[in-house]
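One structure below.
The values are calculated or read from the model by the stated rules, or taken from the named source; none is laboratory data. Computed from a predicted structure; not experimentally measured. As a convention, Cβ positions derive from the backbone with ideal geometry for all residues, glycine included, and neighbour counts pool all protein chains shown.
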Amino acid sequence: MLEVTDLKKYYPVEKGFLDKLLASQKSFVHAVDDVSFSMNRGDILGLVGESGSGKSTTGRLCLKLIEPTSGKIVFDGEDLSKLSGEELRKFRRNMQLIFQDPTASLSPRIRVGEAIRHALSFQGVGTQDEQIERTRAMLERVGLTPWSNFYDRYPHQLSGGQRQRVVIARALVLNPKFVVADEPIAMVDVSVRAQILELMLELKKEFDLTYLFITHDLAMANYVCRSIAIMYLGKIVETGPKEEVFERPLHPYTLALLSSIPVPDPKAKLERMIPKGEIPSPINPPKGCRFHPRCPYAQKICSEREPQLEEIKPNHRAACFFPRV
Amino acid sequence: MEYHTLKAVVKAVDRVCLSVEKGETLGLVGESGCGKSTLGLSTIRLVSPPGRIVSGIVTLDGTDVVNCSEDEIRRVRGKRVGYIFQDPMTSLNPVKNIGAHFVEMIHTHEPDVGREDALKRARDVLERLGILPERIRDFPHQFSGGMRQRVMIGLALALDPDLLIADEPTTSLDVIVEAQIIELLRHLKESLRLTLVLITHNIGIVAETADRVAVMYAGRLAELAETDGLFERPMHPYTQALLNSVPNITKKGQVLSWIPGAPPNLAEPPPGCLFHPRCPYAFDRCRKEEPQLLKHNGTEVACHLYDKR
Amino acid sequence: MTRTETRGRIVVQFLPRVASLRKRGLAGWITIIGLAMVSAVVVMTVAAPWISPHDPNEIGAGPVLAEPSESFPLGTNHMGQDMLSRLIWGGSTMLQVAVLSVLVCLAVGVPVGLVSSYAGGLVDKSTSLAMDSIYAFPGLVLAIAIAAMLGPGVVNMSLSIAVVYVPSYYRIVRSQVLSIKELPYVEAARTLGASGRSTLLRYILPNVLPSVVAVATINFADAILTAAGLTFVGLGLPISTPDWGWDLTYGRRLLPSGAWWVIAFPGLMIVILALGFALAGEGLSELLNPKLEE
């Protein structure tokens, strides 16, 4: 359904006037660097990474909310780079985004029911009455029943979890095929998160959706996703089915991530590999393998050549010269 | 302590009784709005109006913190209690370099310490925290998030306090950096025999670092137990539900549950036990009477299920 | 929804809330007081034909420079005109000018600000430059210059005042739009397939309006003071129109002879009207924020 090839997104670094005079070349933020992956209909792919990994940018590139610097995105047979203007606007009904911050992604001056109905109205679906009917049904479907209690409320009158449901309703009322969820539960209370996730899974079955989950929360990704792609500093370093990636990780960075998760079990013994240092700046990523300065298994070749994503075990790929098999 | 707002008196923290032993790490856990940060701030009287401490006693090794004078409380802050704030971005002064931060901190409490001595101490602390001592001349914006948090910890430790309170020290940090900071805290705990109160909503961190855990809900203490005991045999229904709603990557085939409803509006709290509207075991008494924190099998729980009186 | 519809909804929401103002504590009271002051002046002005005891322009209606007395409660000026009548009638032009100039500012400043900042790029840069140049001028000086060019009359006066204040509206709209543009809910509108126009009108404008209202109400006060200033220096209105600004001019000259009442009462009225708008503006900006609708 979705095929991404060699996607790149570089942002030019804004330089001050003096820097422009003195510096010789422009520098770029390598937000997304040669990312390739594909998704089939019905997949739930987790795009996992820390801040600066480029996962959010990748998600938005897939929805063409941002223009890629280079690379190709083919969605359901359509080359997204060929779409623009009115055509693109109409095409958007097929792919939607669930936002991270339920408060900031709803206009504080628009009533919740109206906000959902706007999705239908922007795409010219049905008459106003039909739109209202569908919105009401959608409100109930996401658990905000009875709809009459919620349709005319403002976002600030709802709890965080309820607001997130509104965001989900708004994204799904158009019956899109593909949904990118950007940290959908990060800003929701812990005790309510599972509820939102369950809702998203139910809706997936009902509407036959394909999800791209963007998150830094590995435990959540483990719970919800079927396949995982790990990103580091703009590159995908490992992909594979969830069980493979989380139980038999190949890339040292994946191993590091897994060891770093706080486990709510004081007796759990984890093999810990916590690397030193922090994520380097994406403006000047390290030469060769981007993880090599922090990798305890790095060897000379790692600083010279960049490893490509290769299939090391069936369906399990990693970009590393010395994968932990 | 209570917050007096224009609308009503909101009891942000109510009847919380806690004690921390020397050398122990206490984890203070709860979701947003449960009052844990307020509790932390009130131990050194840093709660800003309209909040105020209405009643209660906070004693630090015998000193009454609530009723002592402004001078005395200032001496307590920093010197005897170190506080690590949540957001290292906004807690550091962007126009002062790190060294200046330390000097200011040290001078406030030990004015006779010379500048050079203060800087030396700062360098020692930073080195122990994994920051190159030369960086003492750098400014906050030159540090990454994790480094800044280390600087904050360093500032809190600079005066060799008796007690360290860390308020959500890793919330704004990435997973790996978070693990580094937690490692650091654990290491310091052992090498300095630190007494630490760790305030967080992340149960996982608490499982790894705390000796004892206090679970708060809606301003009240729900449960207080040794860490191992709390995770193996959670007593309070809220604790149970909370543990069931946190994904554990080491557990295969875990089924997550959640708590229906939402935390109560503290301006109009429900009668009886504050958790009863969401509690699967609520019975008659829960709706009328607020439970007391009672000892039961080595833990302290505030729940009628364990109150056989 | 058309733009008028959005505005209509906001007005409708506002009316029932006036009643609940009292519950709002200090802010509510300030608004009530402000609105009361303004309404009093408006009512007085509207009722002028009926309540004014004399023709304000009638020269020699009473003795020259008479002190306040029973027959002339506010005294008379140097032409024997009844000050009370002049007071009652004098507010009319001032209010007209204030309302008209604010309307012009809204009609010009808001749309230009919206479009310019949303479009960005060269359009934005050049418009900002133009606006900043106007803004750099001291207000009254610019108003005087333009009024002198345009000549007298209520409309001309309103225009000169409007020109001075349009940049303020532009700037506040622009700064709001620039920050709102980056917010997730605007991105959400785009994701849903909203056109630029829809995004601007339905998502950005409603969130910009509260600050616009805040500026507009303070602007009323400014407009009144500037209008008084213009007539004070003799521009803007023909001599025969009863106006507080005129009375201030004369009143000032008459002060040395001890006729304090000629300047005092019109001056007081200007203060009341301007202050009333300022107070009402304070409270109104809070009112229009749905977050407080509880």
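Among the residues of segment A:151-176, the one identified as in contact with a strand residue (DSSP E or B) (Cβ under 6 Å, 6 or more places away or on another chain) and over 17 Å from A:Asp101 (Cα atoms) is A:Pro176.
Consider segment C:23-57 and keep the residues that are of a type in the set (Ser, Thr, Tyr) and farther than 10 Å from C:Ile88 by Cβ. The one that is modelled with the lowest pLDDT is C:Thr31. I'd like to know if segment B:126-149 contains one or more residues that are closer than 15 Å to B:Tyr83 by Cα, in contact with a helix residue (DSSP H, G or I) (Cβ under 7 Å, 6 or more places away or on another chain) and either small (Gly, Ala, Ser) or buried (at least 19 other Cβ atoms within 10 Å of the Cβ) (or both). Among the residues of segment B:126-149, at least one is closer than 15 Å to B:Tyr83 by Cα, in contact with a helix residue (DSSP H, G or I) (Cβ under 7 Å, 6 or more places away or on another chain) and either small (Gly, Ala, Ser) or buried (at least 19 other Cβ atoms within 10 Å of the Cβ) (or both), which makes the answer yes.
Just one residue in the set A:Glu238, A:Glu206 is among the acidic types (Asp, Glu) and either out of contact with any strand residue (DSSP E or B) (no Cβ under 8 Å at 6 or more places or on another chain) or assigned to a loop (DSSP other than H, G, I, E, B) (or both); that residue is A:Glu206.
Just so you know, in segment C:130-188 the residues that are within 14 Å of another protein chain (Cβ to nearest Cβ), part of a helix (DSSP H, G or I) and not charged (D, E, K, R) include one that is farthest from the chain's Cα centre (by Cα), and it is C:Ala188. If you take the residues of segment A:162-193 that are buried (at least 23 other Cβ atoms within 10 Å of the Cβ) and among the small types (Gly, Ala, Ser), which of them is nearest to the other protein chains (Cβ to nearest Cβ)? Going through the qualifying residues, I end up with A:Ser191.
Quick one: which of C:Gly90, C:Gly62, C:Gly80, C:Gly75 is touching a Ser or Thr at 6+ places or on another chain (Cβ under 7 Å), of a type outside the set (A, V, I, L, M, F, W, C) and modelled with pLDDT under 90?
Just a single option satisfies the conditions, and that option is C:Gly62.
Kindly provide the set of residues from segment A:267-294 that are within 24 Å of B:Gly27 (Cα to Cα) and modelled with pLDDT under 80, ordered by number.
Once the filter is applied, which keeps residues that are within 24 Å of B:Gly27 (Cα to Cα) and modelled with pLDDT under 80, segment A:267-294 yields A:Lys267, A:Ala268, A:Lys269, A:Leu270, A:Glu271, A:Arg272.
Yes/no per residue for (1) in a strand (DSSP E or B); (2) over 20 Å from B:Asn244 (Cα atoms):
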site: B:Ala267; (1), (2): no, yes
site: B:Pro271; (1), (2): no, yes
site: B:Pro277; (1), (2): no, no
site: B:Tyr281; (1), (2): no, no
site: B:Arg285; (1), (2): no, yes
site: B:Glu290; (1), (2): no, yes
site: B:Lys295; (1), (2): yes, yes
site: B:Leu305; (1), (2): no, no
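Residues of segment A:254-304 that are part of a loop (DSSP other than H, G, I, E, B), more than 14 Å from chain B (Cβ to nearest Cβ) and not charged (D, E, K, R): A:Asn284, A:Pro285, A:Pro286, A:Gly288, A:Cys289, A:Tyr297, A:Ala298, A:Gln299.
Screening segment C:202-236 for residues that are not in a helix (DSSP H, G or I) and not β-branched (Val, Ile, Thr) and picking the one that is farthest from A:Ala119 (Cα to Cα) gives C:Gly234.
Among the residues making up segment B:243-259, those that are touching a helix residue (DSSP H, G or I) at 6+ places or on another chain (Cβ under 6 Å) and either more than 10 Å from chain A (Cβ to nearest Cβ) or among the hydrophobic types (A, V, I, L, M, F, W, C) (or both) are B:Val246, B:Ile249, B:Leu256, B:Trp258, B:Ile259.
Assess whether B:Leu92 counts as being hydrophobic (A, V, I, L, M, F, W, C), over 30 Å from B:Asn265 (Cβ atoms) and at pLDDT below 75. So B:Leu92 fails the test. Looking at the structure I just gave you, is A:Tyr232 in contact with a helix residue (DSSP H, G or I) (Cβ under 6 Å, 6 or more places away or on another chain) and within 14 Å of chain B (Cβ to nearest Cβ)? So A:Tyr232 passes the test.
None of A:Asn284, A:Asn222 is of a type outside the set (Ser, Thr, Tyr) and surrounded by 22 or more Cβ atoms within 10 Å (Cβ to Cβ) except A:Asn222. Of everything in segment A:81-101 that's within 7 Å of another protein chain (Cβ to nearest Cβ) and not in a helix (DSSP H, G or I), which residue is farthest from A:Val4 (Cα to Cα)? My answer is A:Asp101. Every residue in segment B:136-148 that is part of a helix (DSSP H, G or I), over 17 Å from B:Arg121 (Cβ atoms) and more than 11 Å from chain A (Cβ to nearest Cβ), please. The answer is B:Pro140, B:His141, B:Gln142.
When residues of segment B:76-102 are filtered for being surrounded by 15 or more Cβ atoms within 10 Å (Cβ to Cβ) and under 24 Å from the mean Cα position of the chain (by Cα), how many remain? Of the residues in segment B:76-102, 17 are surrounded by 15 or more Cβ atoms within 10 Å (Cβ to Cβ) and under 24 Å from the mean Cα position of the chain (by Cα).
Restricting segment C:189-201 to residues that are at the interface with another protein chain (Cβ under 7 Å from one of its Cβ atoms) and part of a helix (DSSP H, G or I) leaves a set whose member that is surrounded by the most Cβ atoms within 10 Å (Cβ to Cβ) is C:Thr191. Looking across segment A:102-141, not a single residue is modelled with pLDDT of 90 or more, more than 13 Å from chain C (Cβ to nearest Cβ) and not in a helix (DSSP H, G or I). Return a yes/no flag: does segment B:283-298 have any residue that is in contact with a Phe, Trp or Tyr (Cβ under 6 Å, 6 or more places away or on another chain), closer than 27 Å to B:Asp211 by Cβ, surrounded by 15 or more Cβ atoms within 10 Å (Cβ to Cβ) and touching a residue at least 24 places away in the same chain (Cβ under 8 Å). Yes, there is a match, as at least one residue in segment B:283-298 is in contact with a Phe, Trp or Tyr (Cβ under 6 Å, 6 or more places away or on another chain), closer than 27 Å to B:Asp211 by Cβ, surrounded by 15 or more Cβ atoms within 10 Å (Cβ to Cβ) and touching a residue at least 24 places away in the same chain (Cβ under 8 Å). If the condition is being loosely packed, with under 14 Cβ neighbours inside 10 Å and without any contact (Cβ under 8 Å) to a residue 40 or more places away in the chain, then segment C:238-262 contributes C:Ile239, C:Arg252, C:Arg253, C:Leu255, C:Pro256, C:Gly258.
Kindly indicate which of B:Ala222, B:Ala282, B:Ala218, B:Ala262 is modelled with pLDDT under 90 and either more than 14 Å from chain A (Cβ to nearest Cβ) or over 30 Å from A:Glu198 (Cα atoms) (or both).
Just a single option satisfies the conditions, and that option is B:Ala282.
With respect to B:Thr209, is the statement that it is among the hydroxyl-bearing types (Ser, Thr, Tyr) and crowded, with 24+ Cβ neighbours inside 10 Å true? No: the conditions fail for B:Thr209. Restricting segment A:36-67 to residues that are of a type in the set (A, V, I, L, M) and more than 14 Å from chain B (Cβ to nearest Cβ), which is surrounded by the most Cβ atoms within 10 Å (Cβ to Cβ)? Of everything passing the filter in segment A:36-67, A:Leu47 is surrounded by the most Cβ atoms within 10 Å (Cβ to Cβ). For A:Phe213, the test of being aromatic (Phe, Trp, Tyr) and closer than 30 Å to A:Glu114 by Cβ is passed. Residues of segment A:169-203 that are assigned to a helix (DSSP H, G or I) and either outside the structural domain of A:Met220 (by TED's automatic domain parsing) or under 18 Å from A:Gly42 (Cα atoms) (or both): A:Ala171, A:Leu172, A:Leu197, A:Glu198, A:Leu199, A:Met200, A:Leu201, A:Glu202, A:Leu203.
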